[in-house]
Each structure stands twice: as structure tokens, then as C-alpha cells.
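The values are calculated or read from the model by the stated rules, or taken from the named source; none is laboratory data. All values derive from a computational prediction rather than experimental measurement. All Cβ positions, even for glycine, are placed from backbone atoms using ideal geometry, and neighbour counts span all protein chains on display.
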Amino acid sequence: MERIWIYQADRVLTSGEEALILEKLKEFTGQWRAHGKKLTATAEIRYGLFIILMVNEAVEIPSGCSIDKSVYILKELEQALGIGFFDRLRIAFREEKNAPIQIVSKENFGELVQNGQITGQSIVFNNLVPTYPDLDSKWEVPLSQSWHARVFLKS
């Protein structure tokens, strides 16, 4: 099973930034280790917004220290490019499948739900999904089917 970590940029990346990030992450994943053992890892970028790091846990399980190293490389990229990857209070959504993705603060998201601009059918991104197969079924889901519903939808 492939364990994943999703980092959401605070804005859409340029093609040059994507290329640089993928180059740096390819270099990083090529030498990434846990307790001296090589991790089988890759990285990808989706929608110009989401960096996804993947480790094949069937080969080797990442350690806390190795996960910390992945956070460190993302922090370096964040500093070098002036892009935020760690603001968990910004929510990515789209009004419907294939519509443009928008990123707003938690407060603005709540206001948009209250005034009906975002509904239970609006698509949200659950960046907490833990495995690669979950990307297909649990990452990009209607608000009503995500953890966001507990916070933003009133019964």
C-alpha cells in the first residue's frame, strides 16, 4: 500500500515552479531513507496546487525522522518560492466537478456555505487521505460526504 501526504499550495503554481518542485522532489525521493533503508517513493503535482508524496510501505515503512525530512524539504521549497504549503486553514473547493478550484480561508468558506454559494454537493479536497487508492474515492468529494460537513453543514 502506498502511504501519501498531500501538501496544498496557497496559490496555483507556475509551470516553472512545478518543474522545479518535481525536480527537487525527484532528487529527494531518490535518496530518501528510513533507518538507513531506502524508501520507494515518488512525488506528483495535481491541478497545479497539490503536491503528493508517496511511499510504498510494502517495501519499507517510513519512520518519524524520515517523515520529518520530507517536511523539511517542503519547507525549503516554501521559502525558496514564496509559496505556502502548510496553511491548514485554507480550504480548496470547486462548485462542481471540473469547475475551477478555488482556495479560501476557513472563515470565508463558512460564509460561502451560510449564504448558499457552497452547498453539500460542492466538491472539497480532503488532504488528510492516507493512501494512494484513497485519492480516487475519498480525496475529491462532495462537501456532504467529507469531514468538512461536520464543521460547516448544520443539521
Checklist line | Residue selected from segment 46-63 under the condition surrounded by fewer than 18 Cβ atoms within 10 Å (Cβ to Cβ) and farther than 20 Å from V129 by Cβ, by the criterion farthest from the chain's Cα centre (by Cα) | finding: V59
Notebook entry, point to check: Quick one: would you say S66 is closer than 20 Å to E27 by Cα and either at pLDDT below 95 or in contact with a Gly (Cβ under 8 Å, 6 or more places away or on another chain) (or both)?
Noted result: yes
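Over 16 Å from the mean Cα position of the chain (by Cα), of a type in the set (K, R) and within 23 Å of D136 (Cα to Cα): which single residue out of K69, K97 fits that description? I'd like the intermediate steps shown before the answer.
Details: K69 fails: within 23 Å of D136 (Cα to Cα).
The conditions single out K97.
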Next item on the list: Please give the strands (runs of 3 or more DSSP E) falling wholly within segment 70-139 in which 3 or more residues are exposed (fewer than 12 other Cβ atoms within 10 Å of the Cβ).
Entry: none
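Residue-by-condition table, conditions (1) among the hydrophobic types (A, V, I, L, M, F, W, C); (2) in a strand (DSSP E or B); (3) within 17 Å of the chain's Cα centre (by Cα); (4) more than 22 Å from V124 (Cβ to Cβ):
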residue	(1), (2), (3), (4)
W5	yes, yes, yes, no
V12	yes, no, yes, no
G16	no, no, no, yes
L20	yes, no, no, yes
E44	no, yes, yes, no
Notebook entry, point to check: In segment 29-50, how many are within 27 Å of P100 (Cβ to Cβ) and either in the same structural domain as W139 (by TED's automatic domain parsing) or of a type in the set (A, V, I, L, M) (or both)?
Noted result: 3
